[in-house]
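Some notes on the structure that comes next.
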Amino acid sequence: MAVLPILRWPDARLTTPCAPVTGDVRKLAADMLDTMYAAPGRGLAAPQVGVLLRLFVMDCTWKEGRFAPQVLVNPEVLWQSPDRATGPEGCLSLPGITTQIERATELRLRWHDLDGGLHDATLTGFAAICAQHEYDHLDGILTLDHLDPATRADAERALL
Ligand code: ZN
């Protein structure tokens with residue numbers, strides 16, 4: 001178990017689409033959870049630690065005192081609600097800025113766990129937002145990519 005360095009924008013690995021996981025990622029997932037809790041954050045995608053594979057970890061409740069670590073391997077979005085809402089999002093790879101991002105309020109996801117088991121769940125609330133944010137990372141998409149050009153320019157200036 002280890003806390004890994006988190007890449008920061010504009011590292012090119014953060015904007016590169018990731019490849020499907022095909023091997024054992026137990027060690028990587030354990031290290032990613034350690035890294036997420038240490039940051040501290042509630043979600044972390046593999047490309048944020050420089051591994052261009054399709055997995056992310058999240059725990060939406062640990063900051064409220066209830067640990068619920070989740071590892072999602074090769075997640076697929078099956079459905080997004082037409083209902084959308086805008087809220088503030090930070091990102092461990094974009095330290096110091098928070099941006100207003102519009103997301104679907106509900107999301108149906110399918111993913112594998114570390115034992116290869118298949119899961120399917122509809123996420124709501126903060127979990128739905130967190131999962132969409134982390135899923136974006138697997139496609140090389142950052143919150144910056146959701147902003148209009150003027151807002152994005154302001155955000156980039158704040159990061160540099
Ligand atoms: Zn992020």
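The values are calculated or read from the model by the stated rules, or taken from the named source; none is laboratory data. This structure is a prediction, so every number in the text was calculated from the model and none was measured. Here Cβ is always computed from backbone atoms with ideal geometry, including for glycine, and neighbour counts include all displayed protein chains. SASA here: full protein model, heavy atoms, side chains in, ligands and nucleic acids out. Shrake-Rupley method; radii C 1.70, N 1.55, O 1.52, S 1.80 Å.
Elements of the type strands (runs of 3 or more DSSP E) sitting completely within region 97-141 and holding at least 3 residues that are open to solvent by 50 Å² or more (accessible area, probe 1.4 Å) and more than 16 Å from the ligand (Cβ to nearest atom): these cover 106-112, 118-124. For Gly96, are the conditions met, namely being among the small types (Gly, Ala, Ser), out of contact with any Cys (no Cβ under 8 Å at 6 or more places or on another chain) and at positive phi? Considered against the rule, which asks whether it is among the small types (Gly, Ala, Ser), out of contact with any Cys (no Cβ under 8 Å at 6 or more places or on another chain) and at positive phi, Gly96 comes out as yes.
Please find, among Ala19, Ala12, Ala38, Ala29, the residue that is under 25 Å from Phe126 (Cβ atoms) and either free of Cβ contacts under 8 Å to residues at least 12 places away in the same chain or open to solvent by 30 Å² or more (accessible area, probe 1.4 Å) (or both). Spell out how you get there, then give the answer.
Working: Ala19 fails: under 25 Å from Phe126 (Cβ atoms); Ala12 fails: under 25 Å from Phe126 (Cβ atoms); Ala29 fails: either free of Cβ contacts under 8 Å to residues at least 12 places away in the same chain or open to solvent by 30 Å² or more (accessible area, probe 1.4 Å) (or both).
When all the criteria are applied, what remains is Ala38.
It is to be established whether one or more residues within region 146-156 are open to solvent by less than 50 Å² (accessible area, probe 1.4 Å), of a type in the set (Ser, Thr, Tyr) and not in a loop (DSSP other than H, G, I, E, B). The answer is no, given that none of the residues of region 146-156 is open to solvent by less than 50 Å² (accessible area, probe 1.4 Å), of a type in the set (Ser, Thr, Tyr) and not in a loop (DSSP other than H, G, I, E, B).
Considering only region 53-73, state which residues are of a type outside the set (Phe, Trp, Tyr) and within 13 Å of the chain's Cα centre (by Cα).
Leu53, Arg54, Leu55, Val57, Met58, Asp59, Cys60, Gln70, Val71, Leu72, Val73
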